[in-house]
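Worksheet: one structure, shown below.
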Amino acid sequence: MHICTQRERLIQALTKVGGVVEKRQTLPILGNIHIHADDDVLTFTGTDREVEIRTRLAASVIEPGEITVPARKFIDICRAVPDEAEITFKLQSQRASITAGKSRFNLSTLPAEDYPLMETSSGDQSIELEQGMLKELFDKTGFAMANQDVRYYLNGLFLKVQARGVTAVATDGHRLAMLEQLVDLPIDEPIQVIVPRKTVHELNRLLESGGERVRLDLSQRTLRAVIGDTLLTSKLVDGRYPDYERVIPLMADKVALLDRDALRQSLLRTSILSNEKFKGIRLSFAPNELTLQAHNPEQEEAEEHMEIEFTDEPLAIGFNVGYLLDVLSVIDETRVEIRFAESNSSALMRGAGREDQTYVVMPMLL
């Protein structure tokens, strides 16, 4: 095996597949990247056996072959050599010799036939979306996914694909994020899948914000995303997602309109003296005024007032300030709408006029 290619192009390809490789793994070969060279094309593959990313790169293949090398070391070597350098990769006595200018490195290898490549069969349904549309779905809902929750089905993002569009939902049991993208799709039966947390992050990292297309092949057990020369294959979470519509407050008839940036700054200032563990903050709504209050076990207190649009009876609700800030960070509109029914009910938040987005934050006792 003997190949030559430019540093910049090699780094771009390795960065795409390197993110899926875990720093700690049960099998040594899972810390490696699989390299296949043939017909002046290099194919790089990284996997953790749940998610696999494969990408192609045109290069000068002097002698074809395939091998696996340590992912982190190979990427670090390529980043460390001079810009615009030509990198030569040659397999000699089952060791990889990497040469760039006056630098030479020898890496250990493991046999390519032992690498656990995933099957790449197509799914039951295929759809095409703009990359920017799918990226927005992930960006504006992914923050609410659970992390290592015993309710494993919450450690992912729920996608509902139907003829009129795609809906993304994430919840950790304390807050919920939902966004709907309306687009005509050529499918007969709705598809519902749970995409694992890591897959969401890796796929979002590969997506661009523009109008280029991404193809999704979906089945009950796997997802395959084709983005240009890159292919991501992932197992799906096998479980039933909870009935998220039940936690959306339908009787939230009290409405407050607030300036997003002013609310964010007030929350940040007030939270300085909140309880470090629970991060509780009290929001007291009164006609045209919001009072924010926080205190901690050291008997320290913070209070702030801001003008809002609110005409209902006074009402006070406690929240985890981190959950509120997370929602505000994904709302683009300059004004925020908060709806609630009473002091012990969940709050529904969205950008003013954005009926396609729904953020629900559970209250907390203070």
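The values are calculated or read from the model by the stated rules, or taken from the named source; none is laboratory data. Bear in mind that the values here come from a model prediction, so they are computed numbers and not experimental data. Glycine also receives a Cβ, built like all others from the backbone with ideal geometry; neighbour counts cover every protein chain displayed.
Name the single residue that is nearest to M364 (Cα to Cα) among those in the stretch 314-337 being β-branched (V, I, T) and out of contact with any helix residue (DSSP H, G or I) (no Cβ under 7 Å at 6 or more places or on another chain).
I317
Being farther than 30 Å from L365 by Cβ, in a strand (DSSP E or B) and not assigned by TED's automatic domain parsing to the domain that holds K279, is that true of even one residue in the stretch 135-144?
no
Considering only residues of the stretch 309-342 that are part of a strand (DSSP E or B) and aromatic (F, W, Y), which is farthest from L179 (Cα to Cα)?
Among residues in the stretch 309-342 that are part of a strand (DSSP E or B) and aromatic (F, W, Y), the one farthest from L179 (Cα to Cα) is F319.
Please specify each residue of the stretch 136-168 satisfying the condition of being β-branched (V, I, T) and under 16 Å from D238 (Cα atoms).
V150
Assess whether I29 counts as being farther than 14 Å from L10 by Cα, of a type in the set (A, V, I, L, M, F, W, C) and within 32 Å of the chain's Cα centre (by Cα).
When the stated conditions are applied, I29 passes them.
May I ask you to say which residue of A256, A252 is in a loop (DSSP other than H, G, I, E, B), more than 23 Å from N147 (Cβ to Cβ), in contact (Cβ under 8 Å) with a residue 60 or more places away in the chain and in contact with a strand residue (DSSP E or B) (Cβ under 7 Å, 6 or more places away or on another chain)?
A252 is the lone residue from the list that is in a loop (DSSP other than H, G, I, E, B), more than 23 Å from N147 (Cβ to Cβ), in contact (Cβ under 8 Å) with a residue 60 or more places away in the chain and in contact with a strand residue (DSSP E or B) (Cβ under 7 Å, 6 or more places away or on another chain).
Step by step: first the residues of the stretch 261-283, then only those that are assigned to a loop (DSSP other than H, G, I, E, B) and touching a residue at least 12 places away in the same chain (Cβ under 8 Å), then the one that is surrounded by the fewest Cβ atoms within 10 Å (Cβ to Cβ). Which residue is that?
Result: E276.
For the list (1) free of Cβ contacts under 8 Å to residues at least 24 places away in the same chain; (2) assigned to a loop (DSSP other than H, G, I, E, B), I need the number of the one condition that H305 fails.
Among (1) free of Cβ contacts under 8 Å to residues at least 24 places away in the same chain; (2) assigned to a loop (DSSP other than H, G, I, E, B), H305 violates only (2).
Name the residue that is farthest from F285 (Cα to Cα), counting only residues in the stretch 237-249 that are in contact (Cβ under 8 Å) with a residue 12 or more places away in the chain and of a type in the set (D, E, K, R).
In this case the residue turns out to be D238.
Within the stretch 206-236, how many residues are in a strand (DSSP E or B), in contact (Cβ under 8 Å) with a residue 60 or more places away in the chain and of a type in the set (G, A, S)?
Total meeting the criteria: 1.
Being within 22 Å of R197 (Cα to Cα), free of Cβ contacts under 8 Å to residues at least 12 places away in the same chain and not acidic (D, E) narrows it down to one of T120, T55, T26, so name that one.
After applying the criteria, what remains is T26.
Any idea how many residues of the stretch 1-16 are out of contact with any Phe, Trp or Tyr (no Cβ under 7 Å at 6 or more places or on another chain) and either polar (S, T, N, Q) or assigned to a helix (DSSP H, G or I) (or both)?
Number satisfying all stated conditions: 10.
Check I67 against each of (1) within 20 Å of R54 (Cβ to Cβ); (2) out of contact with any helix residue (DSSP H, G or I) (no Cβ under 6 Å at 6 or more places or on another chain); (3) not acidic (D, E) and name the one condition it does not meet.
(2)
So, of the residues in the stretch 343-364 that are free of Cβ contacts under 8 Å to residues at least 60 places away in the same chain and either in a loop (DSSP other than H, G, I, E, B) or of a type in the set (D, E, K, R) (or both), which turns out to be surrounded by the most Cβ atoms within 10 Å (Cβ to Cβ)?
Only one residue fits best here, namely R350.
Sort through A80, A58, A100 and tell me the only one that's out of contact with any helix residue (DSSP H, G or I) (no Cβ under 6 Å at 6 or more places or on another chain) and under 20 Å from D38 (Cα atoms).
A58
Take the residues of the stretch 237-255 that are in contact with a helix residue (DSSP H, G or I) (Cβ under 8 Å, 6 or more places away or on another chain) and of a type outside the set (S, T, Y): which is surrounded by the fewest Cβ atoms within 10 Å (Cβ to Cβ)?
R240
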